[in-house]
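The values are calculated or read from the model by the stated rules, or taken from the named source; none is laboratory data. If you're wondering where the values come from, they're calculated on a predicted model, not measured in any experiment. When we count neighbours, we look across all protein chains shown, and the Cβ atoms used for this are built from the backbone with ideal geometry, even at glycine. Ligands, DNA and RNA are excluded from the accessible area calculation, which covers all protein heavy atoms including side chains. Shrake-Rupley method; radii C 1.70, N 1.55, O 1.52, S 1.80 Å.
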Amino acid sequence: MARLPSDPRAQVPSAVSNPMSTTPIAVVMGSSSDWDTMQHAVQILQQFGVAFEARVLSAHRMPDDMFAFAQAAQARGLRAIIAGAGGAAHLPGMLACKTTVPVLGVPVPSKHLQGVDSLHSIVQMPKGIPVATFAIGAAGAANAALFAVAMLAAHDVGLQKQLDAYRAEQSRAAREQVLPVTGLTDGLVGL
Ligand code: RP5
């Protein structure tokens, strides 16, 4: 569970939790190098006040830890696991093999293939072991967290109200967007 000691990019604490007492959501990632992407999931959970834990859990560098985590997930009360990985990106699928707790996979952008490899790896689970797969990168990480919030909100009126307010705020902001276009004719304005 420790940071990767030789990794100068390591910025992810081995376990980050917000102060709520129960922890329904886990955010795991294959490497601390995934943090730039996965922090967007954590930010959403913090924004909604949803308790979470976050840690590095590498499928190929920590396979035994990965299986132990997955096998304990149900008994620990986790309601969803947000799993980010890049490249071969087998972490979400391998977690899903070992638990029926829903796994929300986030394809992390990779150096050479920009995360298309990660996306294909995560989304192409064979029939029988599902992994809900989100967009490549920050948008996918944020949406995975929003999806997890929505799952919890199905049984939590307060969270549902927060989600409704979040959507309403997006709509308000979109309506107020102004394009920097000049020289429109009267006939195009206001379409
Ligand atoms: C995957 O390998 C990780 O999810 C990460 O996206 C990728 C590269 O990891 P590092 O070599 O940067 O640690 O397991």
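Quick rundown of the values:
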read-out: Some residue of region 116-136 being aromatic (Phe, Trp, Tyr) and within 16 Å of Gly105 (Cα to Cα); value: yes
read-out: Within region 90-130, considering residues that are charged (D, E, K, R) and away from the ligand (no atom under 11 Å from the Cβ), the one nearest to Ala41 (Cα to Cα); value: Lys98
read-out: Search result, residues across region 68-100 that are within 17 Å of Thr22 (Cβ to Cβ), more than 13 Å from the chain's Cα centre (by Cα) and buried (at least 18 other Cβ atoms within 10 Å of the Cβ); value: Ala73, Leu78, Arg79
read-out: Residue within region 152-161 that is surrounded by 17 or more Cβ atoms within 10 Å (Cβ to Cβ), modelled with pLDDT of 95 or more and within 16 Å of the ligand (Cβ to nearest atom) present; value: no
read-out: Hits in region 57-67 - residues which are out of contact with any His (no Cβ under 8 Å at 6 or more places or on another chain) and open to solvent by 10 Å² or more (accessible area, probe 1.4 Å); value: Arg61, Met62, Pro63, Asp64, Asp65, Phe67
read-out: Subset of region 20-49 [of a type in the set (D, E, K, R) and in contact with a strand residue (DSSP E or B) (Cβ under 6 Å, 6 or more places away or on another chain)]; value: Asp34
read-out: Long-range neighbours under 9 Å by Cβ, at least six apart or interchain, first residue farther than 13 Å from Pro24 by Cα and more than 11 Å from the ligand (Cβ to nearest atom) within region 41-67, second at pLDDT below 95 and open to solvent by 70 Å² or more (accessible area, probe 1.4 Å); value: Arg55/Met1; Asp65/Met1
read-out: Cβ-Cβ under 8 Å pairs, at least 6 apart or on other chains, region 108-134 side in contact (Cβ under 8 Å) with a residue 60 or more places away in the chain and open to solvent by 60 Å² or more (accessible area, probe 1.4 Å), far side in a helix (DSSP H, G or I) and within 14 Å of the ligand (Cβ to nearest atom); value: Pro109/Thr37; Pro109/Ser118
read-out: First in region 77-90 and in a loop (DSSP other than H, G, I, E, B), second anywhere and open to solvent by less than 20 Å² (accessible area, probe 1.4 Å) and near the ligand (Cβ under 9 Å from one of its atoms), Cβ under 6 Å, 6 or more apart; value: Ala89/Ser118; His90/Ala59
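The rows are residues; the columns are (1) at pLDDT below 95; (2) more than 19 Å from Ser31 (Cα to Cα); (3) of a type in the set (A, V, I, L, M, F, W, C); (4) not in a helix (DSSP H, G or I).
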{"position": "Leu95", "(1), (2), (3), (4)": "no, no, yes, no"}
{"position": "Leu104", "(1), (2), (3), (4)": "no, no, yes, yes"}
{"position": "Ser110", "(1), (2), (3), (4)": "no, no, no, yes"}
{"position": "Ala142", "(1), (2), (3), (4)": "no, no, yes, no"}
{"position": "Glu169", "(1), (2), (3), (4)": "no, yes, no, no"}
